[in-house]
Each structure stands twice: as C-alpha cells, then as structure tokens.
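The values are calculated or read from the model by the stated rules, or taken from the named source; none is laboratory data. Just so it is clear, the structure is predicted and the values come from calculations on it, not from any experiment. Neighbour counts run over all protein chains shown; Cβ positions are idealised from the backbone, glycine included.
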Ligand code: GUN
C-alpha cells in the first residue's frame, strides 16, 4: 500500500513560513486576482486562493469582470495593476472566455509581478534553470518530492501532459534535478508502454481514470495533477487512486495533494515578489 503524499499538510507548513516572512514586512504584500466571467471552476479556484491569502497575511484584491468585457478594458486594468505600488503579484485566472486573447493579456503582466510564472520571460528562465518566479504546480510537485526525501536524480520521470503551465515546466524542472525525462501527450501512441517505465509518474491531463494500475510500475511514485469535477460535486484526479495505491510506493491524492501545494507556492511567490519590489 502506497504512502500518501499529503499536500494539504505540507501546504500548511509552507503557509506558516510565508506568514512569518510577511509579518516582518513593513506593509503586507498585495495580490491582484483577475477573474473574467462566471465559470464555476474558476470562481472556486479564485475563492480558495483568496482564503490562502488571508491565512498568509497577504491582501487579495479581486477584479471580477463580466464575460463580455472588451480586451482593451482588460489590458488597461493590467497596465494599472503593473504600476500600483500596493500590488506585488498579478494573476489572471484562466481559461479566459472565448474572444479574449489569453496570451496577449498574460504577456502584458509585468514579469516582476507574474506570480504564476506564465510570462514568457519567466517561462524562459525555467528553461535556463535560472528561476525568477517558479511555476506554482511544478514547484509544488518538486517541493513535495523533496519533503518526502524522494530522490529524483537518475530516475526515469514520465510526465503525461505537455501544457505550458504544467507539463513543459514540470519536465524541465525534473531535468534540472537530473531525472531522465519522457513527456507524453495527446498524440503519444501506446501511453501505457511509457508510463510503465516511470520511476516517477506525473499526470497532468484532466481525464478521469486515465492512469490505471496496469499502467504503473510496482514501486513507482505517482503524482496526480488532474482536477476533474464529478457529478456529485466533488473532484478527482487522473489516476485510479484505489487501484494504483496498491501498486505505487507513494501517491498524491486528489483532493489534498498537488492542489494545495500549487496555491502555497503562489503565496510564496507573492511574498517573494513583495520582497523584490519593496
Ligand atoms: N488556471 C488553471 N490553473 C491556473 C493557475 O495556476 N493560475 C491561473 N492564473 N489560472 C489557472
């Protein structure tokens, strides 16, 4: 039976550290959270991030804009936030409604306030291993592996999913920790033949039960980044948790795994942003 990677408990420890750092600052860090439209999942994520801000002594400023907001108005808001001295971090919750150019808006965020690390400059820094802001989910995964003393060096890490937000930076960061990395994606033929080779398997796709027990090498470390809504209102990951727990050595649950870690790293990035900008 696999050991549970308790992201909820570890995230709490990180928040305590962030709170302590923030308490020594002359004024609290400010995080601008921009949400466009009324997508329930985005609302849920944003509300959780705001709750974490309160726990860390960070002031969250929500900017909720209607679904039909014009791009110019959103760009104007970003430019204003870039110049505000009480705002140290800016995040625009994605996905944005159709018709808005997500890349244009994200790239308008000052790279010094880009606490999600979505800006090309910060993404490029990840490639070079010279981190500015760290991408929250991949850093959350690395922090979790480190906390549980799981060695990455020399291991074969398989990342399923090649998004700009998770899969690609995850692969790069595992590479910097000296893993041999394979990235699988939607066009990968015979996914199981790759996942079965993984010492460390990270799945970030968004498909319930994508990873079944027969796809996992006995003793592998399995990290589930998926967040999938279920009909009963709860969420689950991409991994068949019950069955894979019987095969893996460590496994992260959903909820209570990578999700809270992602938000804790966001808090850490916001405190670091305030440190740099003040
Ligand atoms: N959409 C899904 N995950 C994220 C995230 O970490 N940050 C933002 N801004 N949007 C997201």
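Annotations for the structure displayed:
- You will find that of 271, 198, 248, the residue that is assigned to a helix (DSSP H, G or I) and surrounded by 19 or more Cβ atoms within 10 Å (Cβ to Cβ) is 271 and no other.
- Which listed residue, of 79, 61, is under 24 Å from residue 164 (Cα atoms) and touching a helix residue (DSSP H, G or I) at 6+ places or on another chain (Cβ under 9 Å): 79
- If only residues of the stretch 103-118 that are surrounded by 14 or more Cβ atoms within 10 Å (Cβ to Cβ) and without any contact (Cβ under 8 Å) to a residue 24 or more places away in the chain are counted, the one that is nearest to residue 65 (Cα to Cα) is 106.
- Hey, residue 58 in contact with a strand residue (DSSP E or B) (Cβ under 8 Å, 6 or more places away or on another chain), surrounded by fewer than 15 Cβ atoms within 10 Å (Cβ to Cβ) and touching a residue at least 60 places away in the same chain (Cβ under 8 Å) or not: no
- In this structure, residue 124 does not satisfy being at pLDDT below 95 and more than 13 Å from the ligand (Cβ to nearest atom).
- Positions within the stretch 82-100 being touching a helix residue (DSSP H, G or I) at 6+ places or on another chain (Cβ under 6 Å) and more than 21 Å from residue 270 (Cα to Cα), in sequence order: 96, 100
- Single residue of the stretch 149-187 satisfying the filter (within 16 Å of the ligand (Cβ to nearest atom) and assigned to a loop (DSSP other than H, G, I, E, B)) that is surrounded by the most Cβ atoms within 10 Å (Cβ to Cβ): 166
- For the stretch 127-148, taking the residues that are in a loop (DSSP other than H, G, I, E, B) and within 13 Å of the ligand (Cβ to nearest atom), the one that is nearest to the chain's Cα centre (by Cα) is identified as 135.
- Test: residue in the stretch 208-215 that is at pLDDT 95 or above, within 16 Å of the ligand (Cβ to nearest atom) and surrounded by 23 or more Cβ atoms within 10 Å (Cβ to Cβ): no
- Of the residues contained in the stretch 216-224, none is found to be in contact with a strand residue (DSSP E or B) (Cβ under 9 Å, 6 or more places away or on another chain), loosely packed, with under 15 Cβ neighbours inside 10 Å and modelled with pLDDT of 95 or more.
- Filter result (within 16 Å of the ligand (Cβ to nearest atom), in a loop (DSSP other than H, G, I, E, B) and surrounded by fewer than 24 Cβ atoms within 10 Å (Cβ to Cβ)) within the stretch 251-268: 254, 255
- Filter result (touching a helix residue (DSSP H, G or I) at 6+ places or on another chain (Cβ under 8 Å) and over 21 Å from residue 128 (Cα atoms)) within the stretch 162-196: 184, 185, 188, 191, 192, 195, 196
- Reported count of residues in the stretch 84-101, each being in contact with a strand residue (DSSP E or B) (Cβ under 8 Å, 6 or more places away or on another chain) and within 13 Å of the ligand (Cβ to nearest atom), is 6.
- Any hit, the stretch 121-133, residues being surrounded by 15 or more Cβ atoms within 10 Å (Cβ to Cβ), in contact (Cβ under 8 Å) with a residue 60 or more places away in the chain and touching a strand residue (DSSP E or B) at 6+ places or on another chain (Cβ under 6 Å): no
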